[in-house]
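Enquirer: What follows is a single structure, and I will ask about it in a moment.
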């Protein structure tokens, strides 16, 4: 049975086993807020393949798609941030940094990976190596922080969110994007959901759980949505279609059109594959 520990998002002790992966990992779901957690939980963030750069190979192969997603996220963030100094936490291959610079932001990189930091510095960005909680940066020195595909790597996000709160100016904006375990794609693919990836990913937040986590740690959520990739190389709607019985009936030449419709419906229903929320720093 799952261990009787309180859910970090809502405090509930009840969990239900959802999936078993590779006969060694179990994914449990909080019975109240729906947050999913990996059992056994890893002791530390698993970063080996990212330290060498190997973990970013797939992202570099999808450069155009990743830049498009970064532009979309930054467009939303620009409506909420009080200025244009940005810290990209977990900057990885640097796609958001590049887009931010194109649009006039003063963008700073932070990542535990020596490879990612070297890439950012080579491209001319100020870059810091380490975990956000441990890096010496001036409090209240950023208008916006980005945690894009980061929070799912952390077993307990509270120290990370406290560091974000400390570094933001009053009224500063935090954008968080993370895989949605309540998405249509997760429902259709079950154990084969693209974003489980244990032990690299160890916590998964449906929209309500992410809001609870952010608002329980000094932020007020002002924008919340879910979205599904629907570019040439990444298309969650097509992926879900092919995982269904309907996919067997729909001619392949129609998959893109039907997949677009499925993605649009799932996004409007809050069932897109990625949860994205913007939260404003409350207090000083």
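Here, each number is a calculation from the coordinates, and none is a lab measurement. Computed from a predicted model, the values in this text were never measured in an experiment. Glycine gets a Cβ as well: all are built from the backbone with ideal geometry, and neighbour counts include every protein chain shown.
Enquirer: Taking 1 over the mean of 1/r across every pair of different Cα atoms in the chain, what Kirkwood radius in Å do you get? List each step's numbers first, then the result.
Expert: Details: mean 1/r = 0.0516 Å⁻¹.
The answer is 19.4 Å.
Enquirer: Per 0.36 nm of contour for each residue apart, how much would the distance between residue 156 and residue 232 grow if the chain were fully extended, relative to their Cα-Cα spacing?
Expert: Details: separation 76, 0.36 × 76 = 27.36 nm, distance 3.49 nm.
Going from the current span to full extension adds 23.9 nm.
Enquirer: In whole percent, what relative contact order does the range 156-246 give with Cα contacts below 8 Å and a gap of six or more residues?
Expert: So the answer I get is 30 percent.
Enquirer: Just subtract the alpha-carbon distance of residue 25 and residue 134 from 0.36 nm times their residue separation and send over the number in nm, one decimal.
Expert: Numbers: separation 109, 0.36 × 109 = 39.24 nm, distance 2.96 nm.
So the extension gain works out to 36.3 nm.
Enquirer: Explain nothing, just the number: relative contact order of the chain, from Cα pairs under 8 Å at least 6 residues apart, as a whole percent. Present the calculation step by step, with values, prior to reporting the outcome.
Expert: On the way: 578 pairs, mean separation 53.2, N = 284.
Answer for the chain is 19 percent.
Enquirer: Got a sec? How would 13, 95 order by Cβ neighbour count within 10 Å, fewest to most? Write down the numbers at each step before the final one.
Expert: Details: 13 13, 95 24.
So the ranking, lowest neighbour count to highest, is 13, 95.
Enquirer: Let me ask something else about it. Between residue 71 and residue 261, with labels modelled 7 Å along Cα→Cβ, what's the label distance in nm to one decimal, could you check?
Expert: 2.8 nm
Enquirer: Give me the three principal axis extents of the range 87-149 from the C-alpha atoms, as integers in angstrom, largest value leading.
Expert: 29, 26, 22
Enquirer: Full extension from residue 122 to residue 215: what is 0.36 nm times the residue separation minus their Cα-Cα distance, to one decimal in nm? Each step should come with its number before you reach the end.
Expert: Values: separation 93, 0.36 × 93 = 33.48 nm, distance 3.67 nm.
Gain on extension, residue 122 to residue 215, equals 29.8 nm.
Enquirer: Just to be sure I understand the model, the point goes 7 Å from the Cα along the line to the Cβ. What's the resulting residue 187 to residue 84 distance in nm?
Expert: 4.1 nm
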